[in-house]
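Take a look at the structure set out below.
Readers should treat all values here as calculations from the given coordinates under stated rules, not as data from a laboratory. If you're wondering where the values come from, they're calculated on a predicted model, not measured in any experiment. We place every Cβ from the backbone using ideal geometry, glycine too, and count neighbours over all the protein chains shown.
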Amino acid sequence: MKRILNRSIPLIFVLIWSTGWIVASFSAEYADPLTFLLLRYVFAGVVLLGVALVGRAAWPTTAAGYGHAMVSGIMLHALYLGCVWWAIRHGVPASVSALIAAVQPILTTVLAPFVLGETIKPRRWLGVMIGMAGLVLVLLPGLALVSSAALSQRLTEIGINVAGMVAVTCGSFYQKKFVATGDLRTTTILQYAGAALVTLPVAFLLEPMHITWNLTMVLTMAWSVLALSLGAISLYLILIRRGEVSQAAQLIFLVPPAASVQAWLLFGERLSVSQLLGMAFTALGVALASRV
């Protein structure tokens, strides 16, 4: 039973994390992106603090332990999510943003031997290339609708989106190197504390910090906190601790295809033959790259 659960962690992570695209669509109408994320960090931290206190979770024993956890949270949450959500809210097409985010596995694979000394086998490189090709097929219909003129007008926003992708890559390496041990409950609380401390002044300067509370917003926030900020992030940290960073990063390839299926189910968006073929290629690439 435990073995089945361990094998299902990557799939569960992909299914939950891919709903972030849906959450972004639902929340955009009712809240400024950085304000929404700030509240998400705070609520997730408070819920997790209660869990940690009840479970008497151990806290870091050194100031460096606190600092490393907060720095990793700034990169994995404040910079990554903040850059991506802000860029999408200011006009970067979701398909372009997804393609930028999908460069993370490639960047991670390139840097892993130098940063952490990981050995990248030829099979993993083949898997990365196949996964990227499949992802392009999945996103091609959306990319075809984006004109070159529109992209040229969004260079700043696209640059910020790229910065977010680089931040989550660096954050994954940092997490593996400096936060490889310790209780995940208290570590994650400190991560959200660091993310909130950075996001608050930026949101105050860049946004009116508008948020409209209604049933849709309450349900969206609840899913963001419980499923994404507590569930998916915890699974990603577990994957980083148990395996190589480059191996865990390959799962990001599966997120846009999973989001496309959800958009088809929820919003009736059509899936073309090329997209279905691309999903098959992406799954094959991830299977090759993730094999030990």
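The fraction of all Cα pairs in the chain landing in successive 10 Å bins from 0 to the largest distance is 6, 28, 37, 23, 5, 0, given as whole percents.
Between Val46 and Ser25, the simple label model (points 7 Å from Cα in the Cβ direction) yields a spacing of 3.0 nm.
How large is the translational diffusion coefficient of region 83-228 in µm² per second when you combine the Kirkwood radius over alpha carbon pairs with Stokes-Einstein at 4 °C and 1.567 mPa s?
On the way: Rh = 18.1 Å.
Rounded, D is 72 µm²/s.
Given the options Leu38, Leu277, Leu79, state which has the largest fluctuation in a GNM of the chain using a 10 Å cut-off (strictly under) for Cα springs. Checking each option, the largest mean-square fluctuation is seen for Leu277.
Between Thr61 and Thr181, the modelled labels are 0.8 nm apart [label points 7 Å from Cα along Cα→Cβ]. Cα centroids of region 104-143 and region 215-229: 31 Å apart. The order of Met70, Met217, going from fewest to most other C-beta atoms within 10 Å of their C-beta, is Met217, Met70.
Quick one, could you list the DSSP H helices from the chain stretching 20 Å or more along their long axis (Cα atoms) with average Kyte-Doolittle hydropathy of -0.5 or above?
On the way: long enough: 2-17 (22 Å, 1.04); 33-54 (32 Å, 2.18); 122-144 (32 Å, 1.42); 155-178 (33 Å, 0.67); 184-206 (32 Å, 1.37); 273-290 (26 Å, 1.61).
Membrane-span-like by this rule: 2-17, 33-54, 122-144, 155-178, 184-206, 273-290.
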